[in-house]
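The values are calculated or read from the model by the stated rules, or taken from the named source; none is laboratory data. Everything numeric in this text was worked out from a predicted model, so none of it was measured. Every residue, glycine among them, receives a Cβ derived from its backbone with ideal geometry; neighbour counts consider all protein chains shown. Accessible surface is based on the protein model in full, side chains and every heavy atom, while ligands, DNA and RNA are left aside. Shrake-Rupley method; radii C 1.70, N 1.55, O 1.52, S 1.80 Å.
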Amino acid sequence: MEDKPYPIISEDECKGCGRCIAACPKKVLRSSGSVNNRGYIYAKYSGEGCTGCFICYYNCPEPYAVEVYRPDSEAD
Amino acid sequence: MIKRSTGLYENFTRKEGTATRATHYCAGCGHGIITKLIGEAMAELDMQNDSVFVGPVGCATFCYYYFDCGHISAPHGRASAVATGISRVLPDKPIIAYQGDGDLGAIGFNNAFQAANRGDNFALFFVNNALYAMTGGQMAPTTLPGQRTTTTPFGRDIVKTGYPLKVCEVFETLEAPVFIERVSVADTKRIMQAKKAIKKALKIQKEKKGFAFVEILSPCPNNMRDDPVKAAEAFTEIMEKTYPLGNFRDRSEKPAPTPESVPRRTERELTGGGREGITTKNDPSFRERKFKFSGFGGQGILSLGLVVAEAAVSEGRYVSWMPSYGPEQRGGSASCSVIVGGKEIGSPTIDDPDVLVAMNQPSLERFASSVKEGGVILFESSIRSDIGFPAGVKAIPFPASSIANENGVPKAGNTAFLGAMAGMGLLPFKEKDITDALAESLSARPQLIEPNMKVFEAAKKWVSDKEHSI
């Protein structure tokens, strides 16, 4: 399987503000339509098209709601 | 690699409840983004172990839940003042303060402004959402003209409440700040610029190069009554006309300022008086004595206290001298408190003097009842004294002004009281130390020394003639 970047969204930490969805340049994030354990409708990755740009990470106000996996980074 | 938050605690265990991986901030709050940017920059600069973070009052009060470094919470508006203090105590450590616009712009403005003007060595992050968020969206100094808040329901009226406070622009008028920039976290492009500015300010602080200030425009969707995405968009539109983004100043390439060395002077050079080289000695057997000298301003009350204090110093006693006077240079009431002790003096204030000298009636009325049992009240005999003295206190009318007049120095009533106290044995010093201190106090007008000595002797003689020695 090809090693591609993808966002890791912690369902329970997401407060459903939508900043990541609006900011994603590839428009690959969307609202899940489901309510998490804390009562927020959390964001979800569509599963395809993430480029690992981290824009969702930086727009998210929650430290641990959005993380991004990127295979090619040298900065680890 | 996995891009994730750094510089913050893995679990926010100081926070109440079970959601210890989530902030207390509302959905879409700019504070969360700023928290991540500061944490990341601290981690990248490897400065967490050394840093002290000073938190504000407001929504960000709980920033100590998140930043993985040292922390102090300041009272409302005082983060800059507290950061100033810490930066003086820990001059080599990075100090970071974080304040909102209600906190910094209103009650704390002078603290922040003076810190900026002094160039105090800390990084200050100023989060501006143009209102008081935590308390329910009231008008702040930064609120825009016409902006509706819960306390300006029809919009901010600039005639009644002034104009939005542009803190970057105000600080830009000051000499000392090293770095001033205004950024925003309303969208990706702005967040990336904010990240740079925040890291720059922290780097300046890591290198201890001086005062670095970053204002961060940060939307508050809750109080804007809008969903976070729309609020962020509207926020840019509304705010940046009044608060344009950009760098105002960057002097970080210059070396940090160093204080100019100031030549030290001796006490004598500075004040034309005083004595040096006298060691104060602990003497538990010495009974502490409290003197209250009082009268009109201009009667030499404070000088009288200083002479007694100087005599005490020359004998190696601990001594405190504390003046109290009205706004008038002449004519108002003045008093001073002198405590002489054989050990360190706690408070220089006196509630129960052993000796009260009252050179006018208001002072006699005011202080007579406070004199300790067994104490002495020495007062100008020409004033009304039908006030009733406390039991167990010896009240002695003394013709200080007559004695001063008779010796040709009408203004030396204070010296007459000094002589009377010496004659009565109220001053536990050698007479030479008293007269030396008197001469020293007149060193700027040496022609007055001789006449004052005459007054001093005449007062002593009055005491011995009347047998008032106690």
Inset, instruction - With a 1.4 Å probe on protein heavy atoms only, tell me which residues of the stretch A:1-24 lose at least 50 Å² of accessible surface in the complex relative to the chain by itself. - result: A:15, A:17, A:19
Legend entry - FRET efficiency, 1/(1 + (r/R0)^6) with R0 60 Å, evaluated for residue B:252 and residue B:445 via beta carbons: 0.60
Inset, instruction - Let me know the whole percent of all Cα-Cα pairs from the stretch B:30-250 that are separated by more than 29 Å. - result: 18 percent
Legend entry - Full-stretch length increase - residue B:240, residue B:465 - with 0.36 nm per residue and alpha-carbon distance subtracted: 72.4 nm
Inset, instruction - Determine the relative contact order of chain A: mean sequence separation of Cα pairs under 8 Å and six or more apart, normalised by residue count, in whole percent. - result: 43 percent
Legend entry - GluC sites (Glu not before Pro) within chain A, DSSP loop, no more than 16 other Cβ atoms inside 10 Å: A:2, A:11, A:48, A:74
Legend entry - GluC sites (Glu not before Pro) within the stretch B:284-353, DSSP loop, no more than 12 other Cβ atoms inside 10 Å: B:328, B:344
Legend entry - Whole-Hz couplings from phi, Karplus 6.51/-1.76/1.60, listed for the stretch B:85-94; x for Gly and Pro: x, 5, 5, 7, 7, 10, x, 9, 9, x
Legend entry - the stretch B:1-47: GluC sites (Glu not before Pro) in DSSP loop, at most 12 other beta carbons within 10 Å: B:10, B:16
Inset, instruction - Quick one: what are the phi-derived ³J(HN,Hα) couplings along the stretch A:14-31, Karplus 6.51/-1.76/1.60 with θ = phi - 60°, whole Hz, x for glycine and proline? - result: 6, 9, x, 6, x, 4, 5, 4, 5, 8, 4, x, 9, 6, 9, 10, 8, 6
Legend entry - 5 angstrom amide H check on residue B:54, placed H, neighbours 5+ away: B:72, B:96, B:97, B:98
Legend entry - Residues whose placed amide H lies under 5 Å from that of residue B:213, excluding near-sequence neighbours: B:124, B:179, B:180, B:181
Inset, instruction - For the pairs B:93/B:230; B:394/B:430; B:189/B:254; A:44/B:241; A:27/B:166, note any where the Cα-Cα span goes beyond 32 Å. - result: B:93/B:230; A:44/B:241; A:27/B:166
Inset, instruction - Estimate for me the total accessible surface buried between chains A and B (protein heavy atoms, probe 1.4 Å, no ligands or nucleic acids), in Å² to the nearest 100. - result: 2700 Å²
Inset, instruction - Could you state the accessible area per residue of the stretch B:385-470 in Å², with a 1.4 Å probe and every protein chain left in place? - result: 49 Å²
Legend entry - Computed [θ] at 222 nm, helices only, for chain B once each DSSP H run of length n ≥ 4 contributes -39500 (n - 2.57): -10000 deg cm²/dmol
Legend entry - Inverse of mean 1/r across different Cα pairs in chain A, Kirkwood, Å: 12.5 Å
Legend entry - residue B:8 long-range amide H proximity, modeled H, under 5 Å: B:68
Inset, instruction - Find the relative contact order for chain B and round it to a whole percent, using C-alpha pairs within less than 8 Å whose residues are 6+ positions apart. - result: 9 percent
Legend entry - In order through the stretch B:54-70: 3J(HN,Hα) via Karplus (6.51 cos²θ - 1.76 cosθ + 1.60), integer Hz, x for Gly, Pro: 10, x, x, 10, x, 4, 7, 3, 7, 4, 6, 5, 10, 6, 8, 7, x
Inset, instruction - Compute the acute angle (0 to 90°) between the alpha-carbon long axis of helix B:228-239 and the principal axis of greatest extent of the alpha-carbon atoms of chain B; round to the nearest 10°. - result: 60 degrees
Inset, instruction - Starting from the Cα-Cα distance between residue B:118 and residue B:161, subtract it from 0.36 nm times their residue separation and give me the gain in nm to one decimal. - result: 12.6 nm
Inset, instruction - Quick one: compute a quarter of the convex hull surface over the Cα atoms of the stretch B:280-466 and quote it in nm². - result: 10.3 nm²
Inset, instruction - In vacuum, with every alpha carbon of the stretch B:71-132 counted as one equal point scatterer, what does the Debye formula give for log10 I(q)/I(0) at q = 0.15, 0.19, 0.22, 0.29 Å⁻¹? Two decimals, please. - result: -0.38, -0.61, -0.80, -1.28
Inset, instruction - List the relative contact order of the stretch B:280-466 as a percent without decimals, with contacts defined as Cα pairs under 8 Å and 6+ residues apart. - result: 20 percent
Inset, instruction - Go through the stretch B:31-63 and flag every residue whose accessible area shrinks by 50 Å² or more with all protein chains in place compared to the isolated chain (probe 1.4 Å). - result: B:33, B:36
Legend entry - Over the protein assembly as shown, equivalent-ellipsoid semi-axes from the Cα gyration tensor in Å: 70, 24, 21
Inset, instruction - Please give the contour-minus-distance gain from residue B:369 to residue B:266: 0.36 nm per residue of separation, less the Cα-Cα distance, rounded to one decimal in nm. - result: 32.9 nm
Inset, instruction - Could you work out the longest stretch of chain B that avoids the trypsin sites (Lys or Arg not before Pro) located in DSSP loops with at most 11 other Cβ atoms within 10 Å? - result: B:1-224
Legend entry - Cα-based radius of gyration of chain B once divided by 2.2 N^0.38 Å, which approximates compact folds: 1.40
Legend entry - Antiparallel DSSP beta bridges within the stretch B:280-466, as percent of all bridges there, nearest 5: 55 percent
